[in-house]
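Okay, structure first, notes after.
The values are calculated or read from the model by the stated rules, or taken from the named source; none is laboratory data. Worth saying up front: this structure is predicted, and the values here are computed from it rather than measured. Every residue, glycine among them, receives a Cβ derived from its backbone with ideal geometry; neighbour counts consider all protein chains shown. Each accessible area value is taken on the protein alone, full model and side chains, heavy atoms only, with ligands, DNA and RNA left out. Shrake-Rupley method; radii C 1.70, N 1.55, O 1.52, S 1.80 Å.
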Amino acid sequence: MPEATSSKRARFITFEGGEGVGKSTQVKRLLENLEKRNIKTVRTREPGGTSKAEAIRSFILQGRSESWGPGAEAVLFAAARLDHVNELIAPNLRRGTWVLSDRFHDSTRAYQGLTGGVDDKLIGALERLALDGHNPDLTIILDMDPEAAFQRVAAREIEEGLRQTGDRFEKEELDWHRRLRQAFLEIARANADRCVVISAEQPEDALEAMIWDTVSTRFSELSSEVS
Ligand code: Z5A
């Protein structure tokens, strides 16, 4: 575990993991916890965060690029990221505002790279282009059994009237999500200074407390802020 760092520099924190693990919920809670301590913070997401990146998000999430294959999709995610970094992330960090992003470059490495089979050299080149040195200070990887995460998403969709039943994953789909989970764990191992893996299989409040403990230990300037 790296040493706690202390400075007034704004921090860039990303949340990663499979679908339904609770990233959006915890990004929101961390933002509230930081703001309670008078830390100016913005919350954003990927793909998206700026109008151009949101346009790319709709295009991809509507399935319009699926037939282009994971290589082309990796390029599209990187194009969205380039705008997101230039127009939102970098300017906020420069003016001293902390940035919390619901997914960032590790998602491309996990989904399109390690699980989708896109060559590591292309993934690396896209990272250098889109990040231009704006690496996250901390990445929290929320880890859980994908079948349990799927039940959470299904329950939400039933509640919203988007789905009738909480059917189980097809076996193939489940295998793919298991490989995705391993991909995030591999990224965490390869970037142990930056990434912290936290089990998402715990109640929201307990997870929030564990994330706060991780963040405030890592950035010791937080302990001097008024709660
Ligand atoms: N993608 C990619 O392939 N390459 C890239 O480079 C990038 C993205 C950046 C984005 O989808 C898609 O793009 C995603 C990866 C791909 N693939 N898919 N599909 P998205 O942003 O729309 O979806 P998501 O990131 O997977 O988010 P999500 O499904 O909304 O999940 P979440 O944010 O992790 O979870 P949540 O919304 O906070 O919670 C899910 C439900 O569980 C909700 O009803 C909560 O109330 C409940 N919940 C949350 N926490 C708990 C706990 N602790 N216990 C019980 N229930 C909980």
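Placing +1 on each Lys and Arg Cβ and -1 on each Asp and Glu Cβ, with no other charges, gives region 1-137 a dipole about its Cα centre of roughly 700 debye.
Of the residues 131, 183, 196, the one whose Cα sits farthest towards the positive end of the charge dipole of the chain is 131 (charges of +1 on Lys and Arg Cβ, -1 on Asp and Glu Cβ, taken about the Cα centre). Please report, as a whole percent, how much of the solvent-accessible surface of region 59-197 comes from carbon and sulfur atoms (probe radius 1.4 Å). The C+S portion of the solvent-accessible surface of region 59-197 is 48 percent.
With every protein chain present, what is the per residue accessible area of the chain (1.4 Å probe, Å²)?
Numbers: 11650 Å² over 227 residues.
That works out to 51 Å² per residue.
On the principal axes of its alpha carbon atoms, region 130-206 extends 45, 30, 27 Å, with the longest extent given first.
Charges only on Cβ, +1 for Lys and Arg, -1 for Asp and Glu: so what's the dipole of region 12-221 about the Cα centre, in debye to the nearest 20? Display every interim value, and only then the final one.
Numbers: 29 positive and 36 negative charges, 132 e Å.
Dipole size: approximately 640 debye.
Considering all projection directions equally, how large on average is the shadow of the alpha-carbon convex hull of region 12-90, in square nanometres?
Values: hull surface 23.0 nm².
With every direction weighted equally, the projected area is 5.8 nm².
Just so you know, the averaged projected area of the alpha carbon convex hull for region 12-221 sits at 11.8 nm².
Is the shape of region 184-226 rounded, prolate or oblate, going by the alpha carbon gyration tensor and its root eigenvalues a ≥ b ≥ c, with a/c under 1.5 for rounded and a/b larger than b/c for prolate? Oblate, because a/c is 1.5 or more while a/b does not exceed b/c. Set the Cα radius of gyration of region 84-181 against 2.2 N^0.38 Å, with N its number of residues, and you get 1.36.
A 30 angstrom limit on the alpha carbon distance is what I want to check against. Which of 52/121; 28/171; 23/121; 23/171 exceed it? Cα-Cα > 30 Å for 28/171; rest within. With contacts taken as Cα pairs under 8 Å and at least 6 residues apart, the chain reaches a relative contact order of 33 percent.
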